[in-house]
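Step one of this worksheet: look at the structure below.
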Amino acid sequence: MKAALSGIKVLDLTRVLAGPFCTMILGDLGAEVIKVEAPGGSDETRGWGPPFQQNVSAYYLCANRNKKSITLDLKRESGKEIIRRLAQNSDVVIHNFKTGTMERLGLGYETLRALNPRLVYCSITGFGETGPYKDLPGYDFIIQAMSGLMSITGEENGPPLKTGVAITDVLTGLYACIGIEAALLAREHTGKGQKIDLSLYDSATTALVNIASNFLMSGQIPGRPGNRHPNIVPYQSFLTSDGEIAIAVGNDRQFQTLCELLGLGQLASDERFATNPKRVENREMLIPILEQVFRTRPVSFWREALEKRKIPCGPIQNLQQVTADPQLEAREMFIKMEHPVAGEIKLVASPLKLSETPVRYVQHPPMPGEHTEEILRRIGFSQEEIEAYKEE
């Protein structure tokens, strides 16, 4: 059974998270991914830690499986020539250098397209290749700050906060996958590749979804709602006798059921709370009433009672609890691979469950240049030329 992207060749000149996350997904789906780094390894995440396992960074491992590694010096003409030769036989080239860097190296889209008109070329930058910020470097934390994400994250009277993961990198990696796969599909109809200009700033802005829509409609600058939902009530976490539980009441029927469970049936017919718009308007009155009852019992009691009544809920789990969750175990969401230096490594699996072309885990996250000779031989280098290149 072939993988979904079997036969697709990806030349990956990215580092850190957004680009590597994208190319790992493509590799999981069966694409052949060649990761390009400078001699010694230039992906900064190789040094980000602790934790390390036999000097291999956990951060690097999270986004680099199913790739082969070649090390090239792009300051030398020999390194640039290898990129050009690889691009001639690739379906996708993806990089996250600053705007203009690939052009200065003689490896821009127009140059590589002339060698391979079917090439899909994806550029990931902080702010995109146009506009007044195009030359600025982009880092997830800065993008979270500028995009408005931090302005709406945190408690109402607390400071702005970033999310616990580099969410704009993750989103941009996902958008890169969507764009690349769309361009590959379009190529089937046109016979031509195309360029994808993708930025962290644009991707983060799309993540504002309903919050941005609320502002565009009302003109009101949103505050930080904490765990509360700006448009739905009750849709937040509640304190119980031994911790917190997240509850998502999505409609009036569920609210009525919740009130019956809490022994507060009269609230469901109270005109201040009977409909969701009224509950949003009067949340400051409603929430303390509900929370007073939730505090009387532990999380386990409320979870069982709410699930029995089909009211969406869930405990707020730490990572130890997450990795031991029987649902994730049943979904095979944690895998093990053998690494030549780190030994057995544990990784989060792909969430993609394809019935006919399942994802595969065939290549450990590579060490720098682990496959340089193999890749050079593939594009016609003799052993003598390989040794001369390594000496250079």
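The values are calculated or read from the model by the stated rules, or taken from the named source; none is laboratory data. Quick caveat, the model's predicted, so the values are computed rather than measured. Glycine gets a Cβ as well: all are built from the backbone with ideal geometry, and neighbour counts include every protein chain shown. Keep in mind that these areas ignore ligands, DNA and RNA; they rest on the heavy atoms of the full protein, side chains included. Shrake-Rupley method; radii C 1.70, N 1.55, O 1.52, S 1.80 Å.
Suppose we filter Gln88, Gln53 for residues that are open to solvent by 80 Å² or more (accessible area, probe 1.4 Å) and either more than 20 Å from the chain's Cα centre (by Cα) or among the aromatic types (Phe, Trp, Tyr) (or both); which single one remains?
On the way: Gln53 fails: open to solvent by 80 Å² or more (accessible area, probe 1.4 Å).
Exactly one residue qualifies, and that residue is Gln88.
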Next on the checklist: Quick check on the stretch 228-247. Is at least one of its residues open to solvent by less than 50 Å² (accessible area, probe 1.4 Å), among the hydroxyl-bearing types (Ser, Thr, Tyr) and within 26 Å of Gln317 (Cβ to Cβ)?
Outcome noted: yes
Checklist outcome for this item: Only one of Gln194, Gln220 is open to solvent by 70 Å² or more (accessible area, probe 1.4 Å) and under 30 Å from Ala4 (Cβ atoms), namely Gln194
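I'd like to know if the stretch 81-88 contains one or more residues that are free of Cβ contacts under 8 Å to residues at least 12 places away in the same chain and touching a Phe, Trp or Tyr at 6+ places or on another chain (Cβ under 7 Å).
We begin by selecting, within the stretch 81-88, every residue free of Cβ contacts under 8 Å to residues at least 12 places away in the same chain; these are 81.
Of the ones still in play, those that are also touching a Phe, Trp or Tyr at 6+ places or on another chain (Cβ under 7 Å) are none.
No, the stretch 81-88 contains no residue that is free of Cβ contacts under 8 Å to residues at least 12 places away in the same chain and touching a Phe, Trp or Tyr at 6+ places or on another chain (Cβ under 7 Å).
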Checklist entry - Lys80 passes all but one of (1) under 14 Å from Ile375 (Cβ atoms); (2) open to solvent by 10 Å² or more (accessible area, probe 1.4 Å); which number fails? => result (1)
Item to check | Single condition Leu208 does not satisfy, out of (1) over 25 Å from Pro315 (Cβ atoms); (2) open to solvent by 40 Å² or more (accessible area, probe 1.4 Å) | outcome: (2)
